[in-house]
1. Looking for whichever is within 14 Å of chain B (Cβ to nearest Cβ) and closer than 27 Å to residue B:86 by Cβ here; the options are A:26, A:82. Which one fits?
2. Which residues, counting only those in region B:73-104, are among the aliphatic types (A, V, I, L, M), assigned to a helix (DSSP H, G or I), out of contact with any Leu (no Cβ under 8 Å at 6 or more places or on another chain) and within 11 Å of chain A (Cβ to nearest Cβ)?
3. Out of B:133, B:102, I need the residue that is out of contact with any helix residue (DSSP H, G or I) (no Cβ under 9 Å at 6 or more places or on another chain) and not charged (D, E, K, R). Which one?
4. For residue B:66, work out the one condition from (1) of a type in the set (A, V, I, L, M); (2) surrounded by fewer than 19 Cβ atoms within 10 Å (Cβ to Cβ); (3) in contact with a Gly (Cβ under 6 Å, 6 or more places away or on another chain) it doesn't fulfil.
5. Every residue in region A:98-121 that is part of a loop (DSSP other than H, G, I, E, B), crowded, with 20+ Cβ neighbours inside 10 Å and either touching a residue at least 24 places away in the same chain (Cβ under 8 Å) or within 13 Å of chain B (Cβ to nearest Cβ) (or both), please.
6. Which condition number does residue B:85 fail, the rest of (1) more than 17 Å from residue A:83 (Cα to Cα); (2) of a type outside the set (Asp, Glu); (3) within 13 Å of the chain's Cα centre (by Cα) being met?
7. Quick check: anything in region B:144-166 assigned to a loop (DSSP other than H, G, I, E, B) and without any contact (Cβ under 8 Å) to a residue 60 or more places away in the chain?
Amino acid sequence: MRFLVVDDSTTMRRIIINTLNKLGYTEVVEAGNGREGIDRVNEGPVDLVITDWNMPEMNGIEFIRALRSMDGKQNLPVLMVTTNAAKDDIVEALRAGVTNYVVKPFTPDTIKEKIDAVLTH
Amino acid sequence: MASPAPAVDPHSTQPLIETLRACVHDVFGTMVGTTLAEGTPLDGDALRPQSNVVGQIGFGGSSSGLVVFYATFDGARAITRALLGMAPQDEPSTPEVADAIGEIANMIAGSFRTRMATEGDAWAISIPTVTMGSDFYMTALTDGRRTMLPFRMDGHEIFVELVITTKVRRA
């Protein structure tokens with residue numbers, strides 16, 4: 001399994017990657033914004049994307065829309081991890097093509113549950 | 001001619017303070033993995049924390065103001081180590097500390113925004129700004145209500161301030 005973690009905060013990328021490593025997922029690539037995220041997807045296979053919403057250059061919603069328009073990426077599991085948790089935010093993210101949603105702050109167990117849920121979706 | 005700005009009703013801000021307090025506990029309990037001890041909230045300028053690392057986020061909507069997070073260098077480093085899973089003897093870099101505290105402020109303000117949204121208040125929040133140093137003074141230039149929430153984490157004092165600005169009623 002190869003994960004892509006997209007977040008402009010190096011702290012949040014490290015937290016998510018540490019959590020993935022503890023869950024046994026060691027193949028992880030990173031990106032600091034949506035545009036870099038698209039570059040990473042073009043560079044090699046990715047099995048699950050974990051992305052933030054609020055990022056410079058290309059935010060998470062724009063990134064997901066761009067991802068979904070790429071050949072063969074319509075069903076790539078995407079987990080959004082964000083502080084944007086109002087009902088309207090979640091609806092917007094689902095319409096953009098997010099598979100599942102994690103609200104910050106989160107526990108490692110929450111990340112595990114959501115990953116398991118999107119992989120069996 | 002504009003009417004004088006109405007005073008912020010303490011009764012209307014108390015629920016905000018309680019919500020913010022809960023958000024701070026949630027962020028530290030979940031992400032930093034620690035339970036904070038609480039001090040007595042202080043209003044106005046009664047306490048200006050001796051701090052070296054300050055993370056600040058603005059919010060606007062039915063209420064407007066700031067959420068400000070204060071820590072010493074040692075406290076901020078301890079928080080950073082906990083967030084990043086570093087060993088106790090590791091020394092996080094200045095950019096790592098700034099990013100970590102910015103993320104803490106972001107999660108506190110973001111949780112605050114979400115909880116207020118569930119109660120019918122639609123707010124937007126700004127990006128966090130982090131100031132670090134050893135000789136600076138910070139205050140919000142407002143006649144609104146300011147409440148400082150003191151906490152303690154493993155011997156480190158941290159503070160979260162809620163600033164609610166007044167709204168000017170124009171004739």
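1. Answer to the selection: A:82.
2. Within region B:73-104, B:79, B:82, B:83, B:84, B:97, B:98, B:101 qualify.
3. Going through B:133, B:102 in turn, the sole match is B:133.
4. (2)
5. If the condition is that a residue be part of a loop (DSSP other than H, G, I, E, B), crowded, with 20+ Cβ neighbours inside 10 Å and either touching a residue at least 24 places away in the same chain (Cβ under 8 Å) or within 13 Å of chain B (Cβ to nearest Cβ) (or both), then A:98, A:104, A:105 are the ones that fit.
6. (3)
7. Yes: one or more hits.
The numbers here are math on the coordinates, done by the rules we state, and not lab data. Fair warning: this is a prediction, and the values are worked out from it, not measured in the lab. Note that each Cβ is placed from the backbone with ideal geometry, even for glycine, and that neighbours are counted across all protein chains shown.
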